[in-house]
Every structure is written in structure tokens, then in C-alpha cells.
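Rule-based calculations on the coordinates, nothing more; no lab input. None of these values were measured; they are calculated from a predicted model. Cβ: placed from backbone, ideal geometry, glycine included. Neighbour counts: every protein chain shown.
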Amino acid sequence: MATTTSALEGTYELDRTHSTVQFAIRHVGVSTFRGSFADLEARLIIEDDAASLEASAVVESISIGEPPEFRDHVVRGSDFFAADTHPRISFHSTQIALAENGTATIDGVLDIRGIQRPVTAAGTFTPPTQDPFGNTRLGFALEAVVDRRSWGMDWQMPLPAGGGGGGVRARDRIRLLEPSRQHPGVQRGRRNPAGVGRPPQGRNHASGRRAVRDS
């Protein structure tokens, strides 16, 4: 059971200091290589009983540093991100579903190298709360599994034992804040914080959740 989005209406910008976008991929079948992107942007808009999320990461901000030739191969090489031609990875939502128990599912389109593919991220939603500075904050902890080969990154060094893989597990911990000046009513106490703290709903039902769609 969910509640209306009216208590959450507003535009929420990414708190870049306290947010992370990480990925993990198996390396030659014996270890897990992990990395992250540092230069991020995200915006969540909730209005008129609907919600939309847009996010992006700068490829050059990937945490791979050494050796330089490996970084260049991954970041700029045509086998992987080709950052000189496609400097950003971007995502926009097509449906956001939030359940009263705190679970969240976001369907959307992930654009890498100019190739767009559908992706579903699932996890949890932290309802809004006010910080000591008068900002309203909310958060998501989401995870998705994607195949890099779906975005044209199909380079794979053959293994002596055979096999290979392109699966990547992406994990996002995103905190979004809304400057209090956009909602003076919160500061003046005209809204009940308990009401603000409940997850949003929309008009469309999906898997027992109230779903909100954007175009």
C-alpha cells in the first residue's frame, strides 16, 4: 500500500558528496574487479502524481588510474567506452515503483556509447527527512546487472580454459536533496514530517506496487 506523491513534490538534485555509483565485473574467472565514477549528476522530479529520474556520469572520472595504457584502453579505446566520442553515460527513467515497505524498482534506458538499452534497477528507497541545514533529503540504494556486450563492448581476451563473460553488476547509492527554499512550507511547519516521509505512488499498478511513469 502506498501513499500520494503530493507530499514529495519538488525537484531533488544529487548530493554528489554522499552518493556513489559503483560497478563490479569478474576478471578471468578468479577475482572481482570493482570501480566507480566520481563525476555524477542526477535529478529527481516529482509533480502531478508522477516522477522521473535522470542521471549521468562522466566516463573520464572512472576510478581506473594505473597502468596508463590500461586506462586509455578502457576509457578511450573503441573496445570499451570510447570517451573521446561518447564522454558521458546517461540514464533516464520510464517507470518508478515505490512500495510502502521501502523497496524500489526503477525501469529506464541506459545510454552508453550512444547505444540505448532498457535496464531495471531494484533496491530500497529512503523516505524524505530534513537535515540540520533545512534541506529535504531522500535516497535510493539500487542494483542492476547488465551485459556490457549489449552496448558494443564485446572485447574479450580468450581464456585457456575457454569461456568469458560480459556481465557487470552496477550498484548505486544515491542521495538527493531538495533545497529548503523550494519548499518554505516545510520550514514553517505546515507539513507533517511523518506525511512527508512516506513513499510516493502513481496511477499505474505494477506487481502490487503503485507505479509512476514518465514519458
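Since only Thr124, Ile45, Tyr12 are under comparison, the one whose Cα sits farthest along the positive direction of the charge dipole of region 1-124, derived from C-beta charges on Lys, Arg, Asp and Glu, is Thr124. Here each label is just a point 7 Å from Cα along the line to Cβ, and for Glu41 and Gln22 those points are 2.6 nm apart. Sequentially through region 137-144, phi angles give Karplus couplings (6.51, -1.76, 1.60; θ = phi - 60°) of 10, 9, x, 10, 10, 10, 9, 9 Hz, Gly and Pro residues having no value and appearing as x.
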